[in-house]
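Q: Take this structure, written in structure tokens, and hold onto it; I'll ask about it next.
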Amino acid sequence: MSDADAPAGGRSTAPRRFPASVFGRGTEPDARFSLANERTFLAWIRTGLALLAGGVALEALGLGIQPGFRLAASLILIVAGLLTPLQGWFGWARTERALRLSTPLPSAPLALPLAIVVGVVGVLVLIGVLV
Amino acid sequence: MTLFDPGLQPERTALAWRRTALALFVGSLVAMRILPEVLGAWAVVLGLAGVIAAGGLLWAVHRRYRTHHRMLLEEGDRTTLAGGRLIAATTLFCVLAAALTLVLVVVMAITGFSLVPLAR
């Protein structure tokens with residue numbers, strides 16, 4: 001677990017890994033950190049799938065919500081569901097690079113906008129139910 | 001079975017992948033149930049593509065876990081784990097699925113389609 005004790009040589013037999021922008025520099029971090037990073041990526045993916053499911057469910061089920069507000073809420077959810085996998089990928093790559101270079105971990109720029117968006121969708125659905 | 005880590009990190013990661021694949025699988029089945037009334041026969045093609053992708057993901061994840069497990073036991077925590085190909089492929093698939101979903105919802109809104117007609 002100590003730092004900088006891995007020899008730079010002796011790794012030449014390791015396969016080249018995708019993407020080179022991540023694995024092309026730094027040294028191997030503790031595998032447990034990489035695995036945790038992978039699980040964070042998967043959590044973003046599942047969040048995205050849940051947003052898609054919510055968007056489709058709103059439109060497919062109707063639920064007595066005013067059609068305009070319902071469509072707006074649905075589209076916002078699905079666009080969010082399109083952006084979350086991208087946050088997952090770029091977050092994963094930046095984090096893995098930071099782990100390899102022993103630099104501070106990046107924040108997730110989409111976390112706050114996503115929270116706001118889900119709140120907005122809640123308000124839209126509420127208005128759509130009341131109208 | 002010998003384990004690399006008392007925290008079971010590789011095992012937890014494999015389970016997280018399986019949860020994700022399961023969500024894709026269920027989502028594809030639901031899509032196959034909803035889409036035919038909007039898209040016709042294309043719905044079955046898209047649904048089957050999702051089911052096959054989810055199955056392929058489970059298989060790839062199984063291989064990935066076995067590789068990680070073996071390498072961690074043999075080489076310890078500084079071993080070279082698998083790269084990001086599966087992660088990139090998963091991202092791409094989900095972005096494409098989201099784009100298709102966006103089109104679908106717009107079509108559903110235009111045609112006034114609803115699974116529950118009385119609730120509109």
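Q: Whole percent per 10 Å bin, from 0 to the bin with the longest distance: what is P(r) over all C-alpha pairs of the protein assembly as shown?
A: Calculated P(r), rounded to whole percents: 7, 28, 29, 19, 11, 5, 1.
Q: For residue B:115, enumerate residues with amide H under 5 Å from its amide H, sequence gap 5+ or separate chain, H modeled in the peptide plane.
A: A:61
Q: Report, in deg cm²/dmol and to the nearest 500, the calculated mean residue ellipticity at 222 nm for the protein assembly as shown, where each DSSP H run with n ≥ 4 adds -39500 (n - 2.57) and the sum is divided by the residue count. Mind dumping the intermediate values first?
A: Working: 8 runs with 181 residues, N = 251.
After summing the helix terms and dividing by residue count, I get -25000 deg cm²/dmol.
Q: In vacuo Debye scattering of chain A, one point per C-alpha: log10 I(q)/I(0) at q = 0.13 Å⁻¹?
A: Taking Cα atoms of chain A as identical point scatterers yields -0.65.
Q: Just the number, please: carbon plus sulfur as a percent of the accessible area of chain A, 1.4 Å probe, no ligands or DNA/RNA counted.
A: Carbon-and-sulfur percentage of accessible area, whole number: 70.
Q: Using the membrane-span-like helix rule (whole DSSP H runs, Cα extent along the own axis of at least 27 Å, mean Kyte-Doolittle hydropathy at least 1.6), which helices of chain A qualify?
A: Counting only whole DSSP H runs, the qualifying helices are A:111-130.
Q: Could you provide, to the nearest whole Å², the per residue accessible area of the protein assembly as shown with probe 1.4 Å? Don't skip to the answer; put the middle values down first.
A: Numbers: 13040 Å² over 251 residues.
Per residue, the protein assembly as shown has 52 Å² of solvent-accessible surface.
Q: Further question: Which order do you get for A:63, A:114 if you rank them by accessible area with a 1.4 Å probe, largest at the top?
A: Most to least solvent-accessible, the answer reads A:63, A:114.
Q: Return P(r) of the range B:9-109 (all Cα-Cα pairs; 10 Å bins starting at 0; whole %; ordered from short to long distances).
A: Histogramming the range B:9-109 at 10 Å steps yields 14, 40, 24, 14, 6, 1 percent.
Q: Name the residue, out of B:35, B:58, B:104, whose mean-square fluctuation peaks in a Gaussian network model built on chain B with Cα pairs under 10 Å.
A: Largest GNM mean-square fluctuation: B:104.
Q: If you plug each phi of the range B:4-16 into the Karplus form 6.51 cos²θ - 1.76 cosθ + 1.60 with θ = phi - 60°, what whole-Hz ³J(HN,Hα) values come out, in order, with x for Gly and Pro?
A: Once rounded to whole Hz, the list reads 6, 8, x, x, 6, 4, x, 5, 5, 5, 4, 5, 5.
Q: Then there's this: If you take the charge dipole of the range A:30-130 about its Cα centre, with +1 on Lys and Arg Cβ and -1 on Asp and Glu Cβ, which of A:105, A:58, A:86 is farthest toward its positive end?
A: A:105
Q: Right, another one. Can you pull the one-decimal nm distance between simple spin-label points at residue A:129 and residue A:17, each 7 Å off the Cα toward Cβ?
A: The answer from the label model is 4.6 nm.
Q: Once label points are set 7 Å from the Cα along Cα→Cβ at both residue B:85 and residue A:103, what is their separation, rounded to one decimal in nm?
A: A separation of 2.8 nm, rounded to one decimal place.
Q: Another question, if that's okay. Name the residues whose placed amide hydrogens come within less than 5 Å of the amide hydrogen of residue B:79, ignoring near sequence neighbours (fewer than 5 apart) on the same chain.
A: A:31
Q: What does the structure give for A:85-96 when I average, per residue, the other chain Cβ atoms found within 10 Å of the residue Cβ?
A: 3
Q: What total accessible surface area, summed over both chains, is buried at the interface between chains A and B, computed with a 1.4 Å probe and given in Å² to the nearest 100?
A: Looking at A and B, the buried total is near 4000 Å².
The values are calculated or read from the model by the stated rules, or taken from the named source; none is laboratory data. From a predicted model like this one, the values you see are computed outputs, not experimental measurements. Counting neighbours? That spans all protein chains shown, and the Cβs are built from the backbone with ideal geometry, glycine included. SASA here: full protein model, heavy atoms, side chains in, ligands and nucleic acids out. Shrake-Rupley method; radii C 1.70, N 1.55, O 1.52, S 1.80 Å.
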